[in-house]
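K.L.:
Just passing along the structure, written as structure tokens.
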Amino acid sequence: MVALIIAAIVLLALRTYRRQVFRLIAIGLMAPLILFAGTTSQYALDYMFSGDITETGLRSGDSITQIYVESPVPSGTSGGTSGGTSGGTSGGTPEKELITFHGDYTLIALHFYLIDNPNSWFSKTLGVFGLDAKIQSLWDEKVSAGLISEDNKVGKDTSSFNGHILKPGKIDNPISMIWPAFVFLAGPFPFIGNPGIAVGISSLESPLWWMLYALVIFQFYRFRKVKFLRDPAIIFTLIFLAGEIAFSSLVEVNLGTSFRHRSILLIPLVFLYLRIAQRASEIAGSGSDSSVGRAKEL
């Protein structure tokens, strides 16, 4: 809606499509606003109107999971493993210790899924490729690291280029928004640091986004002679994209959430690529029609 208002102001300033602009405001802004206000609780409305975007960026981006695991069995006893995959000892019951994981929730979920569902098709598929053993190995490494740490915490290091905690920009310092916007658009970055299973797999998607950005930019360059800024649809889409990127640079504090929210950009980018080509073909078609008309007159 914000992008719609700004686009309407731009189009009115250009003195083009005035009738369509007022119709767009009525259909795309006023009607949804009335319906939303009429069907939303007062609590939600108060939360929205009293919100502060600077406070949103102050949220913690950390992902914390606490799990009790079996501590190593003292010398002189047998049995028991870290992680709780098997229990019981001949010389006593192993103690359980609370480990705090920072991130790594995908690993945790996979580990316990394999334990609880050993005969599922998903578990069997992982077993065929040897991924179940890899998951168990990673789990044992994390648990061992947590048990030997002073505070029983693991995964606290977020200094990696792909750290799961993001530092958002500040609205009163526009320059600080550049790097968060770049991470939102381009991250996570493949083969950099040690981000974990989920981020490592997700990072393989990033080059596809880079190629999509390059295609859209090339499309603008290819048809640079086309006056696409006079097209209301293109103007609105560009404003929406700019607003989405700026907003994300101010509020995204977690890499996983930022990665998922980036999918919002897919449809506008594809639309831009196709719309620019369509505008170019329309202009080329009108130009050829004019040439034919002049030939007939002659």
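Just so it is clear, none of the values below were taken in a lab; they were calculated from the coordinates. In this text the structure is predicted, and so the values were computed from the model without any measurement. Don't worry about glycine lacking a Cβ; one is built from the backbone with ideal geometry, like all the others, and counts go over all protein chains shown.
K.L.:
Could you pull out every one of the aspartates and glutamates with an alpha carbon less than 15 Å from that of Lys142, ignoring same-chain neighbours closer than 8 positions?
P.N.:
Glu70, Glu97, Asp104, Glu150, Asp151, Asp157
K.L.:
Which one, Tyr273, Tyr105, Tyr68, has the greatest fluctuation when you compute a Gaussian network model over the chain with C-alpha springs under 10 angstrom?
P.N.:
Tyr68
K.L.:
Let me have the relative contact order for the chain, percent, based on Cα pairs under 8 Å that are six or more residues apart.
P.N.:
18
K.L.:
Report, in whole Å, the centroid distance computed from the Cα atoms of the range 115-189 and the range 243-270.
P.N.:
Their Cα centres are 19 Å away from one another.
K.L.:
Okay, moving on. First select every other residue whose beta carbon is under 13 angstrom from the beta carbon of His111; then total the charges, Lys and Arg +1, Asp and Glu -1.
P.N.:
-3
K.L.:
What percentage of all Cα-Cα pairs in the range 91-209 are separated by more than 16 Å?
P.N.:
That fraction is 70 percent.
K.L.:
If you don't mind, another one. Roughly what would the spin-label model give for Thr100 and Ala186, points 7 Å off Cα along C-beta, in nm?
P.N.:
Reported label-point gap for Thr100 and Ala186 is 3.4 nm.
K.L.:
Continuing with the same structure: How much net charge surrounds Glu97 when only the other residues with a Cβ under 13 Å from the Cβ of Glu97 are counted, with Lys and Arg +1 and Asp and Glu -1?
P.N.:
Here the charged neighbours net out to -2.
K.L.:
Compute the helix-to-body angle for 2-13: its Cα long axis versus the longest principal axis of the chain, expressed 0 to 90° and rounded to tens.
P.N.:
20
K.L.:
Output needed: percent of Cα pairs per 5 Å distance bin for the range 1-51, bins running from 0 to the one holding the longest distance.
P.N.:
Bins of 5 Å from zero give 4, 19, 22, 18, 15, 11, 8, 3, 0 percent of pairs.
K.L.:
In degrees from 0 to 90, rounded to the nearest 10, what is the angle of the helix 131-148 Cα long axis to the longest principal axis of the chain?
P.N.:
70
K.L.:
Name the residue, out of Ile178, Ile34, Ile267, whose mean-square fluctuation peaks in a Gaussian network model built on the chain with Cα pairs under 10 Å.
P.N.:
Answer for the Gaussian network model of the chain: Ile34.
K.L.:
To the nearest 10 degrees, how steep is helix 266-297 against the longest Cα principal axis of the chain, on a 0 to 90 scale?
P.N.:
That works out to roughly 20 degrees.
K.L.:
Related question: Given 4 °C and 1.567 mPa s, how large is the Stokes-Einstein diffusion coefficient of the chain in µm²/s, with Rh as the Kirkwood radius over Cα pairs? Numbers along the way, then the final one.
P.N.:
Working: Rh = 24.1 Å.
The diffusion coefficient I find is 54 µm²/s.
K.L.:
Based only on Cα atoms, what mean projected area does the convex hull of the range 162-246 have, in nm²?
P.N.:
7.1
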